[in-house]
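The structure appears below as structure tokens.
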Amino acid sequence: MNLPLFTSLFRSFRLLPALLLCLPACSAPDSGDLPLIGFVDAFEDDTIAQAKEGFLKALSDQGFSEAAGTMQLVYRNAQGDIPTLTQIVNYMISQEVDLIGASPTLSTITAVQRTKDIPVFMMVSPTPARMEILDASGNAPANLFGTADDVDYIDTSFAMIQSLLPSKGQTLRIGLLYNQSEPQSVSSFERLSQLAAQNGVTLVTRAVNTSADVSLVTAALLNEGIDAFFANPDNTIFSAFETILKACTDAGVPVFTSEVGLVKRGAVAAYGADIFEWGYQSGLQAATFLKQGNTEGLRWELVKVRKRSYNPESANRFGLVLPENFSPVQ
């Protein structure tokens, strides 16, 4: 075989993924004077997807929508691949988008690492401090806006389990998986460990690094005789939730969480942020930026809307009666 020809073909195949990613750049319509909005999801997940829906709904309510011809959207999903996530953000920068909506944590971190000029509106992310993106003076990136959450609310979510399973008393054993590579997951693990110790509850934990590991690690956790499972707020749990839920349900173990979206997917109950409302709050900030043409007066803020919700089917399965201040998910 002709060696130069083979080398040329090999290089072409190596470049194919990058070329495919950039194809939309060749066919992207000219936005003219319309705002060009970038939105990046780090992975595919039904719960996380609600943040994008809320973000776009807020923009639409404020007069910016593709349907009305008042903005253009560049949307990409990295499908859980970090190099692809970086390529996506670089692509959006090359397209000179007016702003980037970033969900969840990995998208936010990648965006602020790649650009210091384009405003980044985060959602489904912890605070900048917990993402470890503060500068030497303790300041968040100047182009970071949108909505973050801390882990303080987890106290209420965790106490909920004890109140709903009072018969277990001080023998209550709660299972937890956490991702060592996610700052928010580690922060939640550390806080829950302290709460368990303070309340005399046994927290049975296992570390998990990828969604592929979840099935085996969950099985090992269930063999420890846990009474309940707490779905930690991290990307690995979100993407593998159905696997966890089925294993726990088959073992007669109720699942609790701090994320309303996971209640819709089968967890018994939660006190925490509604992912749609989380995205909506960030979208309102983005709309303000588009209207005034600058970020004056804007800063990242904490989630404002938290809900107590429960899944009637799951609650009935385990014979649990929720207090009146919990609302059934729709």
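Readers should treat all values here as calculations from the given coordinates under stated rules, not as data from a laboratory. Please read these numbers as outputs of a predicted model, since none were measured by experiment. Quick reminder, even Gly has a Cβ in these numbers, built from the backbone with ideal geometry, and neighbours come from all protein chains shown.
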Assuming a ≥ b ≥ c are the square roots of the Cα gyration tensor eigenvalues, decide whether region 154-257 counts as rounded (a/c under 1.5), prolate (otherwise, with a/b larger than b/c) or oblate.
-> oblate
Putting +1 on Lys and Arg Cβ atoms and -1 on Asp and Glu Cβ atoms, find which of Asn311, Ala287, Ala247 reaches farthest to the positive end of the dipole of the chain.
-> Ala247
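Run the helix sum for the chain: -39,500 (n - 2.57) per DSSP H stretch of 4+ residues, divided by residue count, reported at 222 nm to the nearest 500 deg cm²/dmol. Mind dumping the intermediate values first?
Values: 13 runs with 149 residues, N = 330.
Mean residue ellipticity at 222 nm (helix-derived): -14000 deg cm²/dmol.
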Out of Ala247, Ala102, Ala136, a Gaussian network model of the chain with alpha-carbon springs under 10 Å gives the largest mean-square fluctuation to Ala136
Using a Gaussian network model of the chain whose springs link C-alpha atoms within less than 10 Å, name the residue from Gly63, Gly279, Gly54 with the highest mean-square fluctuation.
-> Gly63
Rounded to the nearest 0.05, what FRET efficiency is calculated for Asp152 and Asp33 with R0 set to 51 Å and r the Cβ-Cβ distance?
-> 0.75
Pairwise label distance in nanometres, Ile82 with Gln198, each label 7 Å out on the Cα-Cβ vector = 3.4 nm
Top mean-square fluctuation among Glu313, Glu259, Glu296, Gaussian network model of the chain, C-alpha springs under 10 Å?
-> Glu296
Residue exposure sequence - Val208, Val263, Val329 - by fewest surrounding Cβ within 10 Å = Val329, Val208, Val263
Any idea what angle helix 82-94 forms with the longest principal axis of the chain, computed on alpha-carbon atoms, 0 to 90 degrees, nearest 10?
-> 40 degrees
Quick note on Phe39, Phe121, Phe189, ordering by fewest other C-beta atoms within 10 Å, gives Phe189, Phe39, Phe121
Helix 275-292 versus the longest principal axis of the chain: what angle, 0 to 90°, nearest 10, using Cα atoms?
-> 30 degrees
Dipole size in debye (nearest 20) for the chain around its Cα centre, Lys and Arg Cβ +1, Asp and Glu Cβ -1?
-> 400 debye
For region 225-298, how big is the tail of P(r) above 19 Å, as a whole percent of Cα pairs?
-> 47 percent
Theoretical gain in end-to-end length, Thr295 to Ala68 [0.36 nm per residue, Cα-Cα removed] = 79.3 nm
Please state the charge dipole magnitude for region 174-330, taken about the Cα centre, from unit charges on C-beta atoms (+1 on K and R, -1 on D and E), reported in debye and rounded to the nearest 20.
-> 320 debye
Straight-line reach check, Lys52, cutoff 25 Å on alpha carbons, 8 or more apart in-chain or any other chain, hits among lysines -> Lys116, Lys264, Lys291, Lys304, Lys307
May I ask for the Rg/Rh ratio of the chain, computed from Cα atoms with Rh as the Kirkwood radius, given to two decimals?
-> 1.03
Using alpha-carbon positions, what is the distance between the centroids of region 98-176 and region 221-293, in Å?
-> 13 Å
